[in-house]
Amino acid sequence: MLNWSRILRTFCCTAAIAAMPAWSEPAELPPATVTPATMPPASLAPVSFEQDIHPLLASRCFACHGGDRAQGRFSMATREAILDGGASGSAVELGDSAKSYLIELVAGLDPDLPMPPDGPPLSDEEVGKLRRWIDDGLPWEFSYGAPGIHSPTELRKVEAPRIYGHPVDLLLTSYFREYGLARPEPIDDRAFIRRASLDVIGLLPTPEQVAAFESDPDPDKRAKLIRTLLDDDIAYAEHWMTFWNDALRNDYVGTGYIDGGRSQITQWLWGALASNMPYDKFTRGLVNPSGPSSSGFINGIVWRGVINSSETPPMQAARGVAQVFMGINLKCASCHDSFVDHWTLEQAYGLAAAFSEESLELVRCDVNQGVTAEPAFLWGELGGIDAAESLLARREQVAELVTTPDNGWFSRAIVNRLWASFYGRGIVEPLEQLEGPPWHGELMDWLAKDFIDHDYDVKHLIERMLTAKVYQWPSIDREVERDFVFEGPLVKRLSAEQFLDSLAQVTGVWPETAHFEDTRLEGRPIRAWRTTADTLMVALGRPNREQIILRREEDATTLQALEMTNGDPLYDRLEAASQALTTDPAFSGNGAIPAFLFERAFQREPLPVETEIATSLLEEAGDDSGIADLLWIMALSPEFQYIR
């Protein structure tokens, strides 16, 4: 494809150069008059290290002075490192920012040494915040001890108000009051059953289920619906296979499966979800597998050819365990000391050594450091890993340290990911940087402790989240700002699997070939998770699962538009559906088809104008292509593609 903007830009530049006069020796210019910069005043308002200072350091300073990078022998990775200064001597004078060399540099007082050296200079407001921080004594504090220092593993001790009401709603009451948010009217029954059904089992409710739910006078029917959905073990497990296949890099085809460099865990994972295996046991079965059926996750992928040292199976295991089960991203630290958080190369290799049959030497950016890694857990206060033990014994030690109730990051991580799944955004973002500031830390830790107290029952945790009144609030259809304020569930887009399963429910046409079989699935339709990804599923976001995916992208793309309008997979599905509906004796005329499809796709009857348009479309076509066109229009509508 021609890049017309680049061609036009090149043409214009060429024309401009051609029109320039010939070069001649410039006349001598008078010396420039330089106006010396002045030091901005310190901020009068209090500053937060977590909210104001650390983001500034991470974005403007850490590239040269964060992690293991210390240009001019000056590091800003810790408070102590800043106080130590660098090659030029002391960087800050505690309590006196006006005399601090760091402020002199970032304020531009030395024109020969501007800091940062690249990009725009710091604004007066940013310099003022740094000044106030130094004047206040250089405090280095986080809600959880987020990036920059080790974080407490112990959960907060949170008591929900002892009054009538749902604990989640009660914990959020003061939060809503602080932000001046009024409680809106809940969504209606049809919207609720659609939202809950798609969230819990990944399927649309049938017209019969919608009618029964609407006519039920029980005031507790919404809570009972959540329980009924959770009790459908097979539908529940089928839906959540997608969630865990993405996180655990499990698939049917792809890199490593042909040559034995990768193994499936599908059968084990299916059984664990169908039986609602306690989450601590589930995790131990993956971190310290007792047999080959669940070893695929921890063994990782044996890549062919030359690979980066950070992609060895032991390092994959360390990164995977930290990211999936504790919300910690060690990707940077597996190559060098991270300059966006506090994790170091030594810590990443310490955890990787626990999963290695042989000793590991630290390799920084593919340069061997000649130092042997000692097996160690990320938080030493929880316990150690015995280097003298066998690989199996060391894996068992890691599994116990990950899942111990004393490790708050374990329970927090699954709470955060499930909350994001239902409400559209985690209590902490990004999901794999759990040490970041939560918008409501007490809520997260109360849910985490409640999860532990109920024996790591994932269905109980889901029920807690979805029976809260706030889950019934209207969805928020807007972009998420950096300074996020929770106002209710965000609009979510159907996943590739949800989209195809929902379309199959509407049309009655399901896939014919499955790549996974189980006696518990006999006689049931073949849902999308049991098939390999075609071009439509890939366009709709199903990943190749060679990397850990904790959240799929939901933004619409050009590829999706092209595939949905011209792709064969969707066309073939709609054609098969139109032929099936045309030959169905239940439809004696075109008038019955719109109502049938609307009730199944949108959980409502069509409006008179919709019936008129749909009927006209069917009559003009005169054959089954009219049904395919109507289905295509419905499938592309936001009402079908989004969970509201």
Worksheet, complete the sentence: The FRET efficiency for Asp188 and Tyr164, from their Cβ-Cβ distance with R0 = 25 Å and rounded to 0.05, is 0.50
Discussion item. Using DSSP to call loops (not H, G, I, E or B), can you name the GluC sites (Glu not before Pro) in region 456-542 whose Cβ has at most 14 other Cβ atoms within 10 angstrom?
Written reply: Glu479, Glu481, Glu512, Glu517, Glu522
Worksheet item: Given H placed on each backbone N at 1.01 Å, which residues far from Glu361 in sequence or on other chains put an amide H within less than 5 Å of it?
Response: Ala373
Worksheet item: Mind checking the angle between helix 124-135 and the chain's longest principal axis? C-alpha axes, 0 to 90 degrees, to the nearest 10.
Response: 70
Worksheet item: Hey, what angle do you get for helix 625-635 against the long axis of the chain, alpha-carbon based, 0 to 90 degrees rounded to 10?
Response: 40
Fill in: Contact order relative to length of the chain, as percent, for alpha carbon pairs under 8 angstrom and 6 or more apart
13
Worksheet item: What does the helix-only formula give at 222 nm for the chain: each DSSP H stretch with n ≥ 4 adding -39500 (n - 2.57), the total divided by the residues, and the result rounded to the nearest 500 deg cm²/dmol?
Response: -13000 deg cm²/dmol
Response to the item:
region 509-625, Kirkwood Rh and Cα Rg, ratio Rg/Rh at 1.03
Worksheet, complete the sentence: The answer for region 115-219, accessible area per residue at 1.4 Å probe in Å², is 53
Worksheet, complete the sentence: Carbon/sulfur accessible area of the chain, % of total, 1.4 Å probe, equals 54
Worksheet item: Counting pairs on different chains as well as pairs 8 or more places apart, how many Lys pairs in the chain have Cα atoms under 14 Å apart?
Response: 4
Worksheet item: What are the principal axis extents of the Cα atoms in region 193-250, in Å, biggest first?
Response: 44, 20, 17
Worksheet item: Using a simple charge model, +1 on the beta-carbon of Lys and Arg, -1 on the beta-carbon of Asp and Glu, nothing else, what dipole does the chain show about its Cα centre, in debye to the nearest 20?
Response: 380
Discussion item. Using Cα-Cα distances under 8 Å and only pairs 6 or more residues apart, what relative contact order does region 242-297 have, in percent?
Written reply: 36
Worksheet item: Where in region 204-247 is the amide nitrogen less than 14 Å from a point lying 7 Å along the Cα-to-Cβ axis of Asp518?
Response: 232-245
Fill in: Distribution of pairwise C-alpha distances over the chain, 10 Å bins, in %
3, 13, 20, 22, 19, 13, 7, 3, 1, 0
Worksheet item: Which of the listed residues, Leu540, Leu490, Leu500, is farthest toward the dipole's positive end in region 463-568, when Lys, Arg count +1 and Asp, Glu count -1 at the beta-carbon?
Response: Leu490
Discussion item. Can you give me the convex hull volume of the Cα atoms of region 358-407, divided per residue and expressed in Å³?
Written reply: 93
Worksheet item: Which whole-number value in Å² is the accessible area per residue of region 320-455, probe 1.4 Å?
Response: 34
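The values are calculated or read from the model by the stated rules, or taken from the named source; none is laboratory data. Note that the structure is a prediction, hence the values are computed from the model and not measured. Note: ideal-geometry Cβ built from the backbone for every residue, glycine included; neighbour counts use all protein chains shown. Each accessible area value is taken on the protein alone, full model and side chains, heavy atoms only, with ligands, DNA and RNA left out. Shrake-Rupley method; radii C 1.70, N 1.55, O 1.52, S 1.80 Å.
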